[in-house]
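Below you'll find the structure, written out as structure tokens, and then a few comments.
The values are calculated or read from the model by the stated rules, or taken from the named source; none is laboratory data. Not measured: the values here are computed from a predicted model. Backbone-built Cβ (ideal geometry, glycine too); neighbour counts: all protein chains shown. Side chains included, ligands, DNA and RNA excluded: accessible areas come from the protein's heavy atoms. Shrake-Rupley method; radii C 1.70, N 1.55, O 1.52, S 1.80 Å.
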Amino acid sequence: MRVISGTAKSLPLKTVPGMDTRPTTDRIKETLFNMLAPYVQGARFLDLFAGSGAIGIEALSRGAHEAVFVEKNRRAVQCIRENLEFTRLSKEAEVLQEDVFAALERLERRAGELSISRDGGRPYIFDVVFLDPPYNCLLEKQVLEVLAHSCLIDGDSLIVAEASLQTAFDYLEALGFEQIKLKKYKTNVHLFCRRA
């Protein structure tokens, strides 16, 4: 696995040993970022269930302003830190070792504090949220339920969820989201959506 493009182009990335994480292949990652290209430059990027950090690192390499990585697996977090160090992208990154839902709560508190303390500054909103939870556990739905009412995104924020081919997203409209695109691969899909 490697960085496809940008400042860290072609640098190899470590992956987490074992079956706890499921790295996105270089080919799928390249397809994904071809679609994400208009959104990444200068973006605040949130990588949930980050695994080895390959998606957030690709975003940073391609010009994202900052990336927050959320991963609870200790070995995966170590892998993210090593990959960030190796690609020299640590300064633009924050790694949170905790459950995704606890991390979202923490980030919402931070957003609230920043909105009080800042005078006309940029609100703490993520331009792109990427989530790649374990397949077929309904975690993508649970995350979208949280984001539906979250101050971490707005109507311009793009949310991308990776899921198994069997995953249904028929609840999107009820949560207040609109589907922009559903890209299917052999074994999985990428859902692109935003607030309606």
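Computed values, structure above
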| read-out | value |
| --- | --- |
| All positions within the range 152-187 that are in contact (Cβ under 8 Å) with a residue 60 or more places away in the chain and either of a type in the set (Gly, Ala, Ser) or open to solvent by 10 Å² or more (accessible area, probe 1.4 Å) (or both) | Lys181, Lys183, Tyr185 |
| Odd one out for Glu30 among (1) at pLDDT below 95; (2) under 14 Å from Val160 (Cα atoms) | (2) |
| Hey, Phe45 aromatic (Phe, Trp, Tyr) and not in a helix (DSSP H, G or I) or not | yes |
| Subset of the range 148-177 [within 24 Å of Ala111 (Cα to Cα) and touching a helix residue (DSSP H, G or I) at 6+ places or on another chain (Cβ under 8 Å)] | Ala148, Ser150, Cys151, Leu152, Ile153, Leu158, Ile159, Val160, Ala161, Leu175, Phe177 |
| In the range 20-76, the residues that are of a type in the set (Asp, Glu), more than 23 Å from Leu139 (Cα to Cα) and surrounded by fewer than 23 Cβ atoms within 10 Å (Cβ to Cβ) | Asp26, Glu30, Glu66 |
| When residues of the range 68-88 are limited to those that are acidic (Asp, Glu) and in a helix (DSSP H, G or I), the one farthest from Asp132 (Cα to Cα) | Glu85 |
| Selection count, the range 177-193, where residues are under 19 Å from Thr25 (Cα atoms) and part of a strand (DSSP E or B) | 8 |
| Residue check, Glu113 surrounded by fewer than 12 Cβ atoms within 10 Å (Cβ to Cβ) and in a helix (DSSP H, G or I) | yes |
| Positions within the range 160-176 being over 18 Å from Leu147 (Cα atoms) and either touching a strand residue (DSSP E or B) at 6+ places or on another chain (Cβ under 9 Å) or not in a loop (DSSP other than H, G, I, E, B) (or both), in sequence order | Ser164, Leu165, Thr167 |
